[in-house]
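The values are calculated or read from the model by the stated rules, or taken from the named source; none is laboratory data. What you see is a predicted model, and the numbers here were worked out from it, not measured in a lab. Don't worry about glycine lacking a Cβ; one is built from the backbone with ideal geometry, like all the others, and counts go over all protein chains shown. Just so you know, the surface numbers come from the protein's heavy atoms only, side chains and all, with ligands and any DNA or RNA stripped out. Shrake-Rupley method; radii C 1.70, N 1.55, O 1.52, S 1.80 Å.
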Amino acid sequence: MGAQLRVYKRRIRAITATKKITKAMEMIAASRIVKAQRKVAASMPYATELTRAVTAVATGSNTKHALTTEVEAPTRAAVLLITSDRGLAGGYSSNAIKQAERLTERLRGEGKDVDTYIVGRKGLAYFGFRERKVADSWTGFTDSPAYADAKRVAGPLIEAIQTETAEGGVDELHIVYTEFVSMMTQNAVDGRMLPLSLDQAAEESGTKDEILPLFDFEPSAEDVLDALLPRYVESRIYNALLQSAASEHAARRRAMKSATDNAGDLIKSLSRLANAARQAEITQEISEIVGGASAMADATAGSDK
């Protein structure tokens with residue numbers, strides 16, 4: 001019985017140490033969520049005004065630009081998937097991957113070949129394990145992305161959509177990320193970034209029902225679009241990275257809180273089993289003492305006769 005009690009105590013010590021780690025990780029994730037939310041809020045005014053400018057140029061001119069003109073029969077699309085570099089975040093990365101798989105299946109059902117670009121080690125490991133080709137990947141910044149990271153990701157994507165499909169380019173650019181709704185709700189979503197839908201851009205910038213003024217463009221509307229649209233893609237990717245980072249921290253906080261609560265419940269259960277084992281051990285020792293005393297009494301009484 002003593003050996004069983006030692007096993008229970010050893011397990012309680014191990015789980016208590018794990019509980020301290022998960023609690024610390026929960027607190028760290030909670031503190032990082034606030035910072036990530038502030039970054040998301042700070043990025044919104046720039047993204048909104050940039051979208052307004054792009055919408056104004058696209059609707060105020062007759063210029064047909066490669067980044068705003070729909071291809072009649074698109075045959076190739078690029079999908080940017082944003083996952084995390086680290087685990088212990090529940091189903092955060094797996095939900096984004098599932099959303100990307102559904103999007104890829106839908107695009108292939110439309111007769112389009114799909115090039116996959118990945119942000120985060122989890123998505124890269126998923127594709128690597130299945131030996132599936134990845135056009136490009138980036139890691140090391142998912143929990144705290146900077147604008148420079150978004151610019152680095154956007155470069156190859158913009159180049160791909162500006163290149164003819166016969167030369168390895170794409171006709172469409174889609175993005176899959178996790179939208180931060182609240183501390184308890186994060187949704188994996190997908191959307192098309194390019195070619196830019198003017199209706200979608202107007203809705204994002206709040207100018208859908210607004211009459212835009214007439215503009216003169218210098219040196220030309222095409223040159224303005226050449227300058228604005230890459231910035232638009234970078235801002236969209238940056239906002240998606242920030243929302244994904246906030247979602248990752250929220251998912252990790254929730255997962256670590258669940259792990260901490262489960263560790264506490266397991267400690268209580270093991271403590272009850274340890275107490276029962278200790279009581280059984282004490283009862284057995286008392287029984288042995290009583291039995292020994294009774295045997296000695298019987299032996300003494302027999303010798304007296």
Name the one entry in Val189, Val119, Val134 that is of a type outside the set (Gly, Ala, Ser) and crowded, with 22+ Cβ neighbours inside 10 Å.
Val119
Identity of the residue in the stretch 256-289, among the small types (Gly, Ala, Ser) and open to solvent by less than 30 Å² (accessible area, probe 1.4 Å), that ends up farthest from Leu88 (Cα to Cα)
Ala277
Which numbered condition trips up Gly60, out of (1) open to solvent by 20 Å² or more (accessible area, probe 1.4 Å); (2) modelled with pLDDT of 95 or more; (3) in contact with a Phe, Trp or Tyr (Cβ under 7 Å, 6 or more places away or on another chain)?
(2)
Can you pull out every residue in the stretch 210-238 that is modelled with pLDDT under 75 and part of a helix (DSSP H, G or I)?
Ala221
For Arg253, indicate whether it is surrounded by 12 or more Cβ atoms within 10 Å (Cβ to Cβ), basic (Lys, Arg) and modelled with pLDDT of 75 or more.
yes
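One line per residue, one yes/no per condition, for (1) open to solvent by less than 50 Å² (accessible area, probe 1.4 Å); (2) closer than 30 Å to Val224 by Cα; (3) modelled with pLDDT of 85 or more; (4) β-branched (Val, Ile, Thr):
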| residue | (1), (2), (3), (4) |
| --- | --- |
| Val7 | no, no, yes, yes |
| Ile15 | yes, no, yes, yes |
| Ala41 | no, yes, yes, no |
| Leu50 | yes, yes, no, no |
| Ala56 | yes, yes, no, no |
| Ala77 | yes, yes, yes, no |
| Glu105 | no, no, yes, no |
Checking Val114 against (1) of a type in the set (A, V, I, L, M); (2) open to solvent by 30 Å² or more (accessible area, probe 1.4 Å); (3) under 15 Å from Ala100 (Cβ atoms), only one condition comes out false. Which one?
(2)
Can you find even one residue in the stretch 193-207 that is open to solvent by less than 70 Å² (accessible area, probe 1.4 Å), farther than 27 Å from Glu105 by Cα, in a loop (DSSP other than H, G, I, E, B) and at pLDDT below 80?
yes
Restricting to the stretch 178-192, count the residues that are within 14 Å of the chain's Cα centre (by Cα) and either part of a strand (DSSP E or B) or among the aromatic types (Phe, Trp, Tyr) (or both).
8
With the condition being within 19 Å of the chain's Cα centre (by Cα) and among the β-branched types (Val, Ile, Thr), I'd like the helices (runs of 4 or more DSSP H) fully within the stretch 89-163 carrying at least 2 qualifying residues.
92-109
Hey, can you tell me all the residues within the stretch 80-103 that are buried (at least 24 other Cβ atoms within 10 Å of the Cβ) and in contact with a strand residue (DSSP E or B) (Cβ under 7 Å, 6 or more places away or on another chain)?
Leu80, Leu81, Ile82, Thr83, Tyr92, Ala96, Ala100
